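Structure record follows, encoded as structure tokens.
The values are calculated or read from the model by the stated rules, or taken from the named source; none is laboratory data. Model, not experiment: these values are computed from the prediction. Cβ: placed from backbone, ideal geometry, glycine included. Neighbour counts: every protein chain shown.
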Amino acid sequence: MVEGLTIGRHSVPYPVIQGGMGVRVSGSRLAGHVALCGGIGLVAAAGLGLGCEDYNGKNFFAAERQGLLDELRKAYEIAPDGVIGVNAMVAVSNYDDVVLASCEGGAKVIVSGAGLPMNLPGLTADYPDVALVPIVSSVKAAELICRKWHKSFKRLPDAIVVEDPDTAGGHLGEKPELIGTGQYDQYATVRGVKSYLKEKWNLDVPVIAAGGVWDREDLQHALAQGADGVQMGTRFVVTEECDADDAFKQAYINCTKDDIGLIMSPAGLPGRAISANIEQVRQRDVDLDVYCPSGCLKKCAYKANRERFCIVHALERSRKGDMQTGLVFCGTNAYKADRIGTVKEVFEELFPQAERDAC
Ligand SMILES: Cc1cc2nc3c(=O)[nH]c(=O)nc-3n(C[C@H](O)[C@H](O)[C@H](O)COP(=O)(O)O)c2cc1C
């Protein structure tokens, strides 16, 4: 029988979080339908301003806030009783505002990575029901966060996501030279975080494995290896409900294992993507002589001295279907996609009928 997931005051029947996928790849439609099916659906906050109706080219941060509030409202229209949360990246300039807007918009969970969310409990102090979930890639990072949260806010995480840099999509929390070397052990890290929480804090909260979970076998492996649940990104991209253009989903279906690689993001972090067109991504900004249009990231090599490319626009182009100059983030499993299904089908495959009846 399948065990559900309880994070803070919020419970779902299935131990699945849909990973936040920025620049509207996981907007209201995907998050709402995952929540409707009994998982936790996450709206990714980063880059929502660009596709927001109110965006006029100059009001990026106001549009980001409005875009996030709109997506949360629309996600709850799909799943009024679902557990819907926000993925908030520490690396964005408007992080504090994103967290506040998430709380105001009714997010039940905030999952936060791309940096260590050291001040998250302070920002959400007026919203004690909002569950707080840091993303880490090491036990050390979990330790730093717990110590700081306990000392400054008398609070500890409601769950922790352990993201595997060897398989996950998007920005990765590891040095590029250490990725894919075989040194990293995803489930040793999951178990390490779990025992750290238990031994140091007597805390038994879910530790969630993110990265490389595609099918039921992967899910069962993750649970057998000590994870309390999984966070899945890549698999949910190839669903009808995913908010990206069909061409984005088709890029997953068309790609081979060798097309997936690491790129260096202007944020100073490596990222996993379909890497074949990275020169065209870069060349587009050179040709158009684009300058930093929004200042979306706290630290950005493109903002500072036009190194690499403007990442928020590169991701926005792919999300809208420009496969030539758009950057397509993906996990190592993207090449396994062979069709566009539905979120319901993903849940039916992960949890066969007998298990679902038992819920
Ligand atoms: C297209 C795409 C965009 C992503 N964007 C974000 C993001 O904005 N913030 C974040 O914390 N993680 C992001 N991720 C990581 C996912 O949330 C998730 O943790 C990871 O992809 C899990 O691995 P999987 O794709 O193998 O399932 C992204 C992943 C993908 C594939």
Can you tell me how many residues within the stretch 256-291 are away from the ligand (no atom under 12 Å from the Cβ) and either among the acidic types (Asp, Glu) or closer than 17 Å to residue 333 by Cβ (or both)? 11
For residue 194, state whether it is surrounded by fewer than 19 Cβ atoms within 10 Å (Cβ to Cβ) and among the charged types (D, E, K, R). no
Condition first: in contact with a strand residue (DSSP E or B) (Cβ under 9 Å, 6 or more places away or on another chain) and aliphatic (A, V, I, L, M). Now tell me which residues in the stretch 93-117 satisfy that. 98, 99, 101, 107, 109, 110, 111, 114, 116
Given (1) more than 16 Å from the ligand (Cβ to nearest atom); (2) among the acidic types (Asp, Glu); (3) within 22 Å of the chain's Cα centre (by Cα), identify the lone condition not met by residue 322. (1)
Failed criterion for residue 235 (all others in (1) buried (at least 21 other Cβ atoms within 10 Å of the Cβ); (2) part of a loop (DSSP other than H, G, I, E, B); (3) out of contact with any Leu (no Cβ under 7 Å at 6 or more places or on another chain) hold): (2)
Determine which single condition residue 126 fails, assuming it passes every other condition in (1) over 21 Å from residue 65 (Cα atoms); (2) more than 16 Å from the ligand (Cβ to nearest atom); (3) outside any helix (DSSP H, G or I); (4) without any contact (Cβ under 8 Å) to a residue 60 or more places away in the chain. (1)
Every residue from the stretch 64-94 that is over 15 Å from the mean Cα position of the chain (by Cα) and surrounded by 22 or more Cβ atoms within 10 Å (Cβ to Cβ): 64, 65, 67, 71, 72, 75, 82, 83, 94
Restricting attention to the stretch 170-190, the residues that are in contact (Cβ under 8 Å) with a residue 12 or more places away in the chain and within 21 Å of the chain's Cα centre (by Cα) number exactly 14
Within the stretch 150-184, take every residue that is over 18 Å from residue 111 (Cα atoms) and within 16 Å of the ligand (Cβ to nearest atom) and give me the one that is surrounded by the most Cβ atoms within 10 Å (Cβ to Cβ). 167
First in the stretch 148-169 and hydroxyl-bearing (Ser, Thr, Tyr), second anywhere and part of a loop (DSSP other than H, G, I, E, B), Cβ under 6 Å, 6 or more apart: 167/211; 167/212; 167/331
Can you tell me which of 288, 219 is among the aliphatic types (A, V, I, L, M) and outside the structural domain of residue 142 (by TED's automatic domain parsing)? 288
Can you say whether residue 268 is more than 28 Å from residue 343 (Cα to Cα) and either in contact with a strand residue (DSSP E or B) (Cβ under 8 Å, 6 or more places away or on another chain) or in contact (Cβ under 8 Å) with a residue 24 or more places away in the chain (or both), as far as the supplied structure shows? yes
Do we find a residue being among the basic types (Lys, Arg), away from the ligand (no atom under 12 Å from the Cβ) and outside the structural domain of residue 94 (by TED's automatic domain parsing) anywhere in the stretch 340-349? no
